[in-house]
Amino acid sequence: MTDPQTVPAPSGTQHSISYGEQHVTVTEVGAALREYTVGGRDVVVPFGVDEVNPVFNGAVLLPWPNRLRDGVYELDGVRYTLPVTEPARGTALHGLVAWERWALVDRTDVSVTLGLDVVPQPGYPFQLSAQITYALSDGGLTVTLTTTNVGTGTAPYGAGFHPWLSTGGADLDDCTVRLDAATRITTDARLLPTGKEPVAGPFDMREPVTMAGRDLDDAFVDVLRDDDGLSWIRLTGTDGRTAALWMDGSMDVWQACTGDHVGEENHRMGLAAEPMTCYADAFLTGDRLVRLAAGDTHRVRWGVTLLDERRA
């Protein structure tokens, strides 16, 4: 029970790990990446220990990322209805776990693992057990999420993450971006998918381009990968340093958001670089939907690091 003489942090217990000049704090609430710095330079946009997580900063998004139209879906002939958590667009947004308290499973100086049981509930009557590990090394921060269906029946499932890459204190317009993907998901006014098209104009970021005037809240597929099988989003600030986020072959969807429409306080505060297993409406369309059978486990991995382009 909470001590009535103390005021707990809105994001719960803070779990901090360090490795050399790298420092990470992960929160109990949402298992969110609250901060990641290298030598004092932000790699992701942080939020204060005394703040409610402002715009899903560093949040874990499961059992679905992004939006679900009207909060309604059908699976094997059964219709399910979830709460609409984004009333302005009439969608169920970013899953069920961003505001839950994750339990500490394991902790070392350089890694922390948190766990959460997703209990059956109206609209999602499936049982999942999830564990997420944040680990620091010479290569930066690596994040691994493992989810097991511990109930009966097959659960619809998707996973995603919501870190905001930091500009390092610069205006976003003065930064450059590179995004490794060849196809954009087109959307309607509710940001729900309507089709696919080759990237072009402001959506072609396969080579570094300026962020000036670039308004994004878009999903991308047909991702490009390097020789190690990794796909990247890179945001380079005026200090010559690049906040670079990768995903391995366990995920093949990017969402990029500039925060032009999230309110004045967080307007263009950075670039949300979201690795995902599926994009919006996967519970409805089945596109990239994971059907997680009883006893099956699903695992994804991504990471983020700070590169110094001045030394390239």
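Miscellaneous remarks
- Among the candidates VAL253, VAL262, residue that is of a type in the set (A, V, I, L, M), open to solvent by 10 Å² or more (accessible area, probe 1.4 Å) and under 24 Å from TYR36 (Cβ atoms): VAL262
Matching residues to (1) closer than 30 Å to ASP281 by Cα; (2) free of Cβ contacts under 8 Å to residues at least 60 places away in the same chain; (3) β-branched (Val, Ile, Thr):
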{"site": "TYR19", "(1), (2), (3)": "no, no, no"}
{"site": "VAL38", "(1), (2), (3)": "no, no, yes"}
{"site": "ARG41", "(1), (2), (3)": "no, no, no"}
{"site": "VAL44", "(1), (2), (3)": "yes, no, yes"}
{"site": "ASP50", "(1), (2), (3)": "no, yes, no"}
{"site": "ASN66", "(1), (2), (3)": "yes, no, no"}
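- Residues in the range 112-138 that are among the β-branched types (Val, Ile, Thr) and within 28 Å of VAL84 (Cβ to Cβ): VAL118, VAL119, ILE132.
- Where strands (runs of 3 or more DSSP E) fall entirely within the range 119-161, those with at least 2 residues that are touching a strand residue (DSSP E or B) at 6+ places or on another chain (Cβ under 9 Å), among the β-branched types (Val, Ile, Thr) and open to solvent by less than 30 Å² (accessible area, probe 1.4 Å) are at 140-149.
- Residue count, the range 265-278 (criterion: over 17 Å from ASP173 (Cβ atoms) and open to solvent by 20 Å² or more (accessible area, probe 1.4 Å)): 1
- Lone qualifier among VAL119, VAL78, VAL150, VAL143 - being hydrophobic (A, V, I, L, M, F, W, C) and under 21 Å from the mean Cα position of the chain (by Cα): VAL143
- Hits in the range 176-218 - residues which are among the acidic types (Asp, Glu), assigned to a strand (DSSP E or B) and touching a residue at least 24 places away in the same chain (Cβ under 8 Å): ASP217, ASP218
- Hits in the range 201-236 (condition: of a type in the set (Gly, Ala, Ser) and open to solvent by less than 50 Å² (accessible area, probe 1.4 Å)): ALA219, GLY229, SER231
- Scanning the range 245-255 for residues that are within 17 Å of ARG178 (Cα to Cα) and either at pLDDT below 95 or of a type in the set (A, V, I, L, M, F, W, C) (or both) gives LEU245, TRP246, MET247, VAL253, TRP254.
- So ASP228, is it farther than 30 Å from LEU75 by Cβ and either outside any loop (DSSP other than H, G, I, E, B) or free of Cβ contacts under 8 Å to residues at least 24 places away in the same chain (or both): yes
- Residues being in a strand (DSSP E or B) and either hydrophobic (A, V, I, L, M, F, W, C) or at pLDDT below 95 (or both) - total across the range 256-307: 13
The values are calculated or read from the model by the stated rules, or taken from the named source; none is laboratory data. Note that the structure is a prediction, hence the values are computed from the model and not measured. Note that each Cβ is placed from the backbone with ideal geometry, even for glycine, and that neighbours are counted across all protein chains shown. These area figures cover heavy atoms from the full protein model, side chains too; ligands, DNA and RNA do not enter into them. Shrake-Rupley method; radii C 1.70, N 1.55, O 1.52, S 1.80 Å.
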